[in-house]
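See structure below.
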Amino acid sequence: MSRKKIVAGNWKMNLDRVKATELAQAVAGRHAEAGSVELVLCPPAAYLTTVGTALGLVHAVSPSGVTLGAQNMHDKASGAFTGEIAPAMLVDVGCSFVILGHSERRTLFGETDGMVNAKTKAALAVGLTPIVCVGETLEEREANRTQAVVTTQINGSLAGLSAADLEKIVIAYEPVWAIGTGKVASPQQAQEVHAIIRGLLGALASPAVAAKVRIQYGGSVKPDNAADLAAQPDIDGALVGGASLKADDFLGIARAFA
Ligand code: PGA
């Protein structure tokens, strides 16, 4: 089963308007280096329109093929939710993707699997592709609880989705101990969990559906460790934080998956 590789840049709360524009233009201008790898840029919400313009988006499609993603959203369509952003608003400003349940959202902002589940359904309902993040802490890994934690997160975050919806989503396995720490999971450690996740998707839907779902690895991915990760059978791309802030590094990672 060949799955289209997908490399997404999670810019987190970084850059300013000028730098966001320059980075988006640099990636779009050099997208051919990534070959058939799908590239997604996820800037801070304040710069979604700026980056969309820099990419030349028309109805979420850019001439370069680089698409736009958000880092979070609310699950309700509208209403009295001060400070929040509705799913349809993301579509309106040109997003195709939305990162959901990132570990920083889970640990710093109290997001639960139930909330991620509601957001995942809301994203799918407006045609956004959710990038659903899961991953264990160092403490959980050392207590041999990785499989249990990831199982709870996958089953909770994806509860009630139809097989047709499951097929559309992207999963990001991001061990919390590897995010922003420079400690990347070994390709074997990552592959082992990716295979577990694919098995869980198989149980939720069917092995045929699971075989279609793209599972990204995230956590200290850099150009020099990306090739070994990309060589693993169940690693279908990367969710990149720090290294996505430089066009050279982001494209270097994308080339490794090409
Ligand atoms: P990192 O972040 O690449 O800086 O480790 C990854 C992420 O949080 O998505």
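Of note:
- Taking the conditions (1) modelled with pLDDT under 95; (2) among the aliphatic types (A, V, I, L, M); (3) within 16 Å of the ligand (Cβ to nearest atom) in turn, I131 satisfies each one other than (1).
- Count - residues of region 48-63 that are free of Cβ contacts under 8 Å to residues at least 40 places away in the same chain and open to solvent by 50 Å² or more (accessible area, probe 1.4 Å): 5
- For region 79-90, taking the residues that are of a type outside the set (G, A, S) and open to solvent by 60 Å² or more (accessible area, probe 1.4 Å), the one that is nearest to R105 (Cα to Cα) is identified as E84.
- The set of residues from region 64-78 being closer than 18 Å to K121 by Cα and open to solvent by 20 Å² or more (accessible area, probe 1.4 Å) comprises Q71, N72, H74, D75, K76, A77, S78.
- With respect to the conditions (1) among the aliphatic types (A, V, I, L, M); (2) over 28 Å from A125 (Cβ atoms); (3) without any contact (Cβ under 8 Å) to a residue 40 or more places away in the chain, A254 falls short on a single one, namely (3).
- Some residue of region 238-254 being more than 21 Å from P43 (Cβ to Cβ), within 15 Å of the chain's Cα centre (by Cα) and either near the ligand (Cβ under 10 Å from one of its atoms) or surrounded by 22 or more Cβ atoms within 10 Å (Cβ to Cβ) (or both): no
- Unique residue being farther than 29 Å from A28 by Cβ, hydrophobic (A, V, I, L, M, F, W, C) and surrounded by fewer than 16 Cβ atoms within 10 Å (Cβ to Cβ) when the list is A208, A185, A258, A227: A208
Conditions (1) within 16 Å of the ligand (Cβ to nearest atom); (2) in a helix (DSSP H, G or I), marked per residue:
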position	(1), (2)
E139	no, yes
V149	no, yes
N155	no, yes
G182	yes, no
Q189	yes, yes
G202	no, yes
Y217	yes, no
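- For beta carbons closer than 6 Å, sequence separation of 6+ or different chains, a first residue in region 225-245 that is in contact (Cβ under 8 Å) with a residue 12 or more places away in the chain and a second that is open to solvent by less than 20 Å² (accessible area, probe 1.4 Å) and of a type in the set (S, T, N, Q), the qualifying pairs are G237/Q216; A238/Q216; L239/N10; L239/Q216; G241/N10.
- Selection of first residues in region 178-192 that are under 16 Å from E142 (Cα atoms) and of a type in the set (A, V, I, L, M, F, W, C) and of second residues that are away from the ligand (no atom under 15 Å from the Cβ) and open to solvent by less than 60 Å² (accessible area, probe 1.4 Å), restricted to Cβ pairs under 7 Å at least 6 apart or on distinct chains, gives the following pairs, ordered by first then second residue: A190/Q232.
- Any chance G202 is of a type outside the set (A, V, I, L, M) and open to solvent by less than 20 Å² (accessible area, probe 1.4 Å): yes
- Scan region 211-224 for residues that are open to solvent by less than 20 Å² (accessible area, probe 1.4 Å) and closer than 18 Å to K4 by Cα and the total you get is 5.
- Qualifying positions in region 219-237 - aliphatic (A, V, I, L, M), in a loop (DSSP other than H, G, I, E, B) and more than 9 Å from the ligand (Cβ to nearest atom): A231, I235
- Count of residues meeting criterion [of a type in the set (A, V, I, L, M, F, W, C) and open to solvent by 10 Å² or more (accessible area, probe 1.4 Å)] in region 158-182: 7
- Test for G127: is it open to solvent by 50 Å² or more (accessible area, probe 1.4 Å) and under 27 Å from V93 (Cβ atoms): yes
- Top-ranked residue of region 1-36 - restricted to ones that are farther than 19 Å from G242 by Cβ and aliphatic (A, V, I, L, M), ranked as least open to solvent (accessible area, probe 1.4 Å): A28
- In region 107-137, the residues that are in a helix (DSSP H, G or I) and without any contact (Cβ under 8 Å) to a residue 24 or more places away in the chain: L108
The values are calculated or read from the model by the stated rules, or taken from the named source; none is laboratory data. It should be emphasised that the depicted structure is a prediction, and the values quoted were computed from it without experimental measurement. Ideal geometry is used to build each Cβ from the backbone, glycine not excepted, and the neighbour counts take in all protein chains shown. Heads up: the accessible areas ignore ligands, DNA and RNA and are worked out on the full protein's heavy atoms, side chains in. Shrake-Rupley method; radii C 1.70, N 1.55, O 1.52, S 1.80 Å.
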